[in-house]
Amino acid sequence: MNRARVQIVVDLPVIECCTPLAGSSLSNQRAAELERVLKALADRHRLRIVNLLLRAGGEPVCVCEVQPLLGLSQGTVSYHLKQLVEAGVIEREGRGTYSYFSLVPGALDAVREVFSIPARVAVPSNPGKTAAACC
């Protein structure tokens, strides 16, 4: 009994299993700068300070008002304020024996931009070419 083998070739569509990457818009230098800001913000007390300053509507806030709201010692509050100043998030203004703090205009814009989704990312397609295996 002689059976003939028939081979059928069917072209199947290429299914790309991975989302194409658009690349990073962040340079190494800018990422290092933002890392410093994000590290400064990665503390619940410093987040509360930033929130307090945001709610002040751009007006400087006296350190004497910050301490009671946080319920921390004066030394601890000063430490947290220093971390935020060194990261470039807030600025200090001396008025006599008191220090007033406010947000640096635009300091948080870069953080927001890193986590925002671009309106549209154009990814070039190469019709007729086989997709790279990624899985």
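FYI, it's all coordinate maths here, none of it is from the lab. Source: prediction; values computed, not measured. Glycine gets a Cβ as well: all are built from the backbone with ideal geometry, and neighbour counts include every protein chain shown.
Extension gain, SER24-GLU59: 0.36 nm per intervening residue step, less the Cα-Cα distance, totals 9.0 nm. Eigenvalues of the alpha-carbon gyration tensor of region 22-124, scaled by 5 and square-rooted, set the equivalent ellipsoid semi-axes at 32, 13, 12 angstrom, largest first. Applying 0.36 nm per residue to the separation of VAL10 and ILE117 and subtracting their alpha-carbon distance, the gain on full extension is 34.6 nm.
From a point 7 Å beyond the Cα of ALA32 in the direction of its Cβ, which residues of region 70-93 have a backbone N at a distance under 16 Å? Label zone hits: 87. In whole percents, the pair-distance distribution calculated for region 40-96 from its alpha-carbon pairs, binned every 10 Å from zero, is 23, 64, 13, 0.
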